[in-house]
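Presented below is the structure to which this report refers.
The values are calculated or read from the model by the stated rules, or taken from the named source; none is laboratory data. Since this is a predicted model, take the numbers as computed values, not measurements. Note: ideal-geometry Cβ built from the backbone for every residue, glycine included; neighbour counts use all protein chains shown.
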Amino acid sequence: MILLEELPIRARVPDLEHGGWREARLLRRTCPVFGTGSRLIEGAKLTAAGVGLEELAAATSGFCPFCAEVIEQATAPFEEGISPTGRIRHGTAWVVPNVLAYSAVSAVGVYDPARHVLGLEDFTPDLLFDAFGAMLEHARAVRRLYPELVWSSISANYLPPSGSSLLHPHLQSSHDPVPLAAQAILESRSEAHWTTYGANLLGELVELERAATARYAASTGPWSWVTPFAPSGFYEVWGVHEELADLVALDDHDRRQLAAGLASVLGAYRERGLSSFNYQLLGAGPRGAEVGVRLLVRIVARTPAAPWYRSDVTYFEKLGMEAMIDHTPESFAEELRAAFGTGIGA
């Protein structure tokens, strides 16, 4: 049984148009999966204004290790146990070792070394399919060489507002003997739900959202796409796999449908004038399948890139551990269904 907890909080603000005070919408929701808090507020917090990507590229011009003419010399080869040829390539995508030790083993994927700048419309299903294929080849090689690294994730920052230090579009992986905090919470709460109700937490959530239709957007093959009840970021979308718990088990069909779904979400962001984003594909540990964990990809929009920009992360998110969101997930789900080309409940 999943509880969707929402608490209206009485809030009053100055009425600048008519004078005096007026009531303002403020809803406090709790995420049924992660247990985190979210405040849905009235008024714009995330603006769509930004600069063109070509202008941004010119302002940040300089040496780029991911560009085609230097990537071979500027990056290190993998050890032979990971890749006999030193690098991993799928279509246009490359995967190379990460020079920073984010995890026991981590890697960087470059969608296309020949393209230093990508607009959201350029993140096509084919581009994403190749990138995930290269990253998954690396992940499987890591598991063969280091079988103790059972906690895996694939994530991306895009453009400086997302935390990316390089403009050239790329994604990253983490492989560890211990879980990320989000993985630990997902497994713990999934196990508790399984033990109490004999049901899969994320699977039950998807069925609940599919029946309600207000936050359910679409399905692409084995992936269901919803806007979460209590978002952790702006225009957040979740993709839930119907069966798998570990990302190394994804086959070509799974990643083709994952790529199609992500491309649709990014298309919806583009329609809103957004440009920067984060996403993360979380796999479970070795017990994940036993306790009902399912693969989960989460994507959030970030402040559009500009020479001077205001971060969308405030003390509420960073220290108070509650997201502050200026829209409802139900309203964005309606836009998202159009981006997927589906009707309500499709």
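A few remarks follow.
- Residue within region 195-206 that is in contact with a helix residue (DSSP H, G or I) (Cβ under 6 Å, 6 or more places away or on another chain), of a type outside the set (S, T, N, Q), at pLDDT 95 or above and over 22 Å from R115 (Cα atoms) present: yes
- Filter result (crowded, with 19+ Cβ neighbours inside 10 Å, assigned to a helix (DSSP H, G or I) and modelled with pLDDT of 95 or more) within region 149-185: Q183
- Within region 247-259, considering residues that are more than 17 Å from L171 (Cα to Cα) and of a type outside the set (D, E, K, R), the one surrounded by the fewest Cβ atoms within 10 Å (Cβ to Cβ): H253
- Note on region 97-124: residues that are more than 23 Å from V70 (Cβ to Cβ), hydroxyl-bearing (S, T, Y) and outside any loop (DSSP other than H, G, I, E, B) amount to 0.
- Residue match in region 201-220 (condition: surrounded by fewer than 17 Cβ atoms within 10 Å (Cβ to Cβ), out of contact with any Asp or Glu (no Cβ under 9 Å at 6 or more places or on another chain) and within 19 Å of A93 (Cα to Cα)): no
- A residue that is assigned to a helix (DSSP H, G or I), closer than 30 Å to E335 by Cα and not acidic (D, E) occurs nowhere in region 214-224.
- Scanning region 12-29 for residues that are in a loop (DSSP other than H, G, I, E, B) and of a type outside the set (D, E) yields L16, H18, G19, G20, R25.
- Which listed residue, of S224, S188, is buried (at least 23 other Cβ atoms within 10 Å of the Cβ) and of a type in the set (G, A, S): S224
- Qualifying positions in region 56-81 - at pLDDT below 80 and under 26 Å from the mean Cα position of the chain (by Cα): L56, A57, T60
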